[in-house]
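Just below is one structure, and these are the notes that go with it.
The values are calculated or read from the model by the stated rules, or taken from the named source; none is laboratory data. Here the structure is a predicted model, which is why all the values come from computation and not from measurement. A quick note on method: Cβ atoms are made from the backbone with ideal geometry, for glycine too, and the neighbour counts reach across all protein chains shown. All accessible areas refer to the heavy atoms of the entire protein, side chains included, with ligands and DNA or RNA removed. Shrake-Rupley method; radii C 1.70, N 1.55, O 1.52, S 1.80 Å.
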Amino acid sequence: EDQVTQSPEALRLQEGESSSLNCSYTVSGLRGLFWYRQDPGKGPEFLFTLYSAGEEKEKERLKATLTKKESFLHITAPKPEDSATYLCAVPNAGGTSYGKLTFGQGTILTVHP
Amino acid sequence: EAQVTQNPRYLITVTGKKLTVTCSQNMNHEYMSWYRQDPGLGLRQIYYSMNVEVTDKGDVPEGYKVSRKEKRNFPLILESPSPNQTSLYFCASRTTNEKLFFGSGTQLSVL
């Protein structure tokens, strides 16, 4: 069964204190890994898609990387507005052409000024 | 403005009373999907639709029905809601590059 595990469950940082979030997965044939950001009371918002080991993508203070077993979301010099829940997801091998998605439980990031 | 619209935003109902949560997208997306989000369990997929008249089960389809009679709409139907279906529900649609657009959510409470 495909599984996605995120760690830590919660992370508290001081403004400017860089860190990383982890997303480990077990799928039979990775067909992509997605990162989303979710603010309280809102739907998730797309951040990145990674397709192959070694791939990296950046957006402002965020950089996502991918290996054969896990993905990291690196946050450099975070600001309070980066506080949110960060979710990763992978297409489920049992689905039709990316139809089924399995999400991790998310990491709740809080950045204090 | 490109968006996924869910209604209602909040819904309180009683056990056994049929209800429908509507979802509409204005981006001409072929793919649409429903998720529920529960504390400690994360987002779990209920049903998805690859196109009109094409639907398939996600990971937690029991107790739910969907229909896709037209491209823009993908309603979620609870024929006989039970308290364990109390949850936050999200509808989403997708472009061909797998980027999901989510609605604002429907908070459902079944008493």
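Using a Cα-Cα cut-off of under 16 Å, which aspartates and glutamates could be cross-linked to B:LYS17, ignoring same-chain neighbours fewer than 8 residues away?
Partners found: B:GLU79.
To the nearest 0.05, what FRET efficiency results for B:LYS17 and A:ASP39 with a Förster distance of 35 Å applied to their C-beta separation?
0.65
Using heavy-atom solvent-accessible surface (probe 1.4 Å) with all chains present, what is the largest-first order of A:GLU81, A:GLU55, A:GLU17?
Sorted by accessible area, descending: A:GLU81, A:GLU17, A:GLU55.
Of B:VAL54, B:VAL21, B:VAL66, which is the most mobile in a GNM of chain B whose springs link Cα atoms less than 10 angstrom apart?
B:VAL54
Where does the charge balance sit around B:LEU88 when Lys and Arg score +1, Asp and Glu -1, over other residues with C-beta under 13 Å from its C-beta?
+3
If you look for lysine pairs in the stretch A:4-113 that are eight or more places apart or on different chains, how many of them have Cα atoms under 25 Å apart?
So the count of such lysine pairs works out to 15.
If you add up the charges near A:GLU55, with Lys and Arg at +1 and Asp and Glu at -1, over every other residue whose beta carbon is less than 12 angstrom from its beta carbon, what do you get?
Summing Lys/Arg as +1 and Asp/Glu as -1 gives +1.
Please pull out the direction-averaged projected area of the stretch A:1-70, using the convex hull of its alpha-carbon atoms, in nm² to one decimal place.
Averaged projected hull area, Cα only: 5.7 nm².
From the backbone phi of the stretch B:90-96, what are the Karplus-calculated ³J(HN,Hα) couplings (6.51 cos²θ - 1.76 cosθ + 1.60, θ = phi - 60°) in whole Hz, Gly and Pro given as x?
Taking θ as phi minus 60°, the curve returns 10, 9, 8, 10, 9, 7, 6 Hz for the stretch B:90-96.
In a Gaussian network model over chain B where Cα atoms closer than 10 Å are linked, find which of B:GLY40, B:GLY63, B:GLY16 has the largest mean-square fluctuation.
B:GLY40
Against the empirical 2.2 N^0.38 Å scaling, what ratio does the C-alpha Rg of the protein assembly as shown come to?
Normalised Rg, Cα atoms only: 1.01.
Once chain B is represented by equal point scatterers at the alpha-carbon sites, with solvent omitted, what log10 I(q)/I(0) does the Debye formula produce at q = 0.10, 0.22 Å⁻¹?
-0.25, -1.23
Applying the Karplus parametrisation 6.51 cos²θ - 1.76 cosθ + 1.60 with θ = phi - 60° to the phi angles of the stretch B:27-37, what ³J(HN,Hα) value in whole Hz is obtained for each residue in order, glycine and proline being reported as x?
For the stretch B:27-37, the Karplus curve yields 10, 6, 6, 7, 9, 9, 8, 10, 9, 10, 10 Hz.
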